[in-house]
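Enquirer: Below you will find the structure I want to go over with you.
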Amino acid sequence: MRDDVRPAQASPSGDLERLLVTAGDLAGAGLDDFTELASPSSDEDPPPMTAATPELTAVLNRAFGDKAAREVRTSFMNADSSIVVDEGVSERVAGAATSWMADMRRVYAECAAWTMDLGDQEITIELVDPAGDPAEPLEVERRFGDEALMRTMLAGPAGQQAQITTLLVRHGDRALELTFRSLAAEPGGPEAARLATAVSRFLELAPAKFLGARG
């Protein structure tokens, strides 16, 4: 592996930034329809969430509210604003990334649904069964890093649901978060096919750059 693409074990945030996808990477990956946003779309703290039990509620909020020692973020949007892709690369203190992934794995294993409080609104989040998810998350997880976790969630009332698909990849004490946000599309329809193409291309681009396979 060339020295200029080898991830360092300890680095300033500037070194983390080179592991993010950039606007210049998009065309070569067949993602010409996407442009980089001026500021990340998902850099705010998550709202309070409630699971089926107090114990799971604590794990849920700890997992989604986890703060890294260092983190950089970026976002991309396609031409008609129907798909937003958020990417974050973080570095945690020794062992913290493993603990965070364990919390996320427990959330996805034990919480089929939970609620999120947005002011006076309560939004229901439903986890899509990975065995029936056309994104094939269980297959994707085998491809990346020391460990990876990918799940799709549906947020909001039926007929108006947002679809959120997130891939988490841990590599030592660093982690990649890659999240796709769109309206839930009719299975087999053109919007679903367009989303699947975008997901597939970002999955080829972002984890490879994070793991050091791309300069």
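Enquirer: Just to verify a result, which residue in segment 19-49, among those that are under 20 Å from S90 (Cα atoms) and without any contact (Cβ under 8 Å) to a residue 12 or more places away in the chain, is least open to solvent (accessible area, probe 1.4 Å)?
Expert: Looking at the filtered set, the residue picked out is A38.
Enquirer: Separate question: For the list (1) within 18 Å of D66 (Cα to Cα); (2) part of a strand (DSSP E or B), I need the number of the one condition that A102 fails.
Expert: Tallying (1) within 18 Å of D66 (Cα to Cα); (2) part of a strand (DSSP E or B), A102 fails exactly one: (2).
Enquirer: How many residues does segment 93-143 contain that are closer than 18 Å to L168 by Cβ and of a type in the set (S, T, Y)?
Expert: 3
Enquirer: Conditions first: (1) part of a loop (DSSP other than H, G, I, E, B); (2) farther than 26 Å from T22 by Cβ; (3) open to solvent by 50 Å² or more (accessible area, probe 1.4 Å). A109 passes all but one, so which condition is the exception?
Expert: With respect to (1) part of a loop (DSSP other than H, G, I, E, B); (2) farther than 26 Å from T22 by Cβ; (3) open to solvent by 50 Å² or more (accessible area, probe 1.4 Å), A109 is out only on (1).
Enquirer: All but one of (1) under 15 Å from the mean Cα position of the chain (by Cα); (2) surrounded by 14 or more Cβ atoms within 10 Å (Cβ to Cβ) hold for G65, so report the exception by its number.
Expert: (2)
Enquirer: How many of the residues making up segment 136-193 are open to solvent by less than 40 Å² (accessible area, probe 1.4 Å), of a type in the set (A, V, I, L, M) and over 20 Å from M104 (Cα atoms)?
Expert: Result for segment 136-193: 3.
Enquirer: OK, next. Quick one: A131 ticks every box in (1) within 18 Å of the chain's Cα centre (by Cα); (2) part of a helix (DSSP H, G or I) bar one, so which box is it?
Expert: The one condition A131 does not meet is (1).
Enquirer: Sticking with this structure for a sec: Return the residues of segment 154-181 that are in a loop (DSSP other than H, G, I, E, B) and over 18 Å from A69 (Cα atoms); say none if nothing qualifies. I'd like the intermediate steps shown before the answer.
Expert: Residues of segment 154-181 in a loop (DSSP other than H, G, I, E, B): 156-161, 172-173.
Listed by number, the residues that qualify are G156, P157, A158, G159, Q160, Q161.
The values are calculated or read from the model by the stated rules, or taken from the named source; none is laboratory data. Treat the numbers as computed from the prediction; the structure is a model and nothing was measured. Reconstructed Cβ throughout: ideal geometry from the backbone, glycine too, with neighbour counts over all protein chains shown. The accessibility values were calculated without ligands, DNA or RNA, using every heavy atom of the protein model including side chains. Shrake-Rupley method; radii C 1.70, N 1.55, O 1.52, S 1.80 Å.
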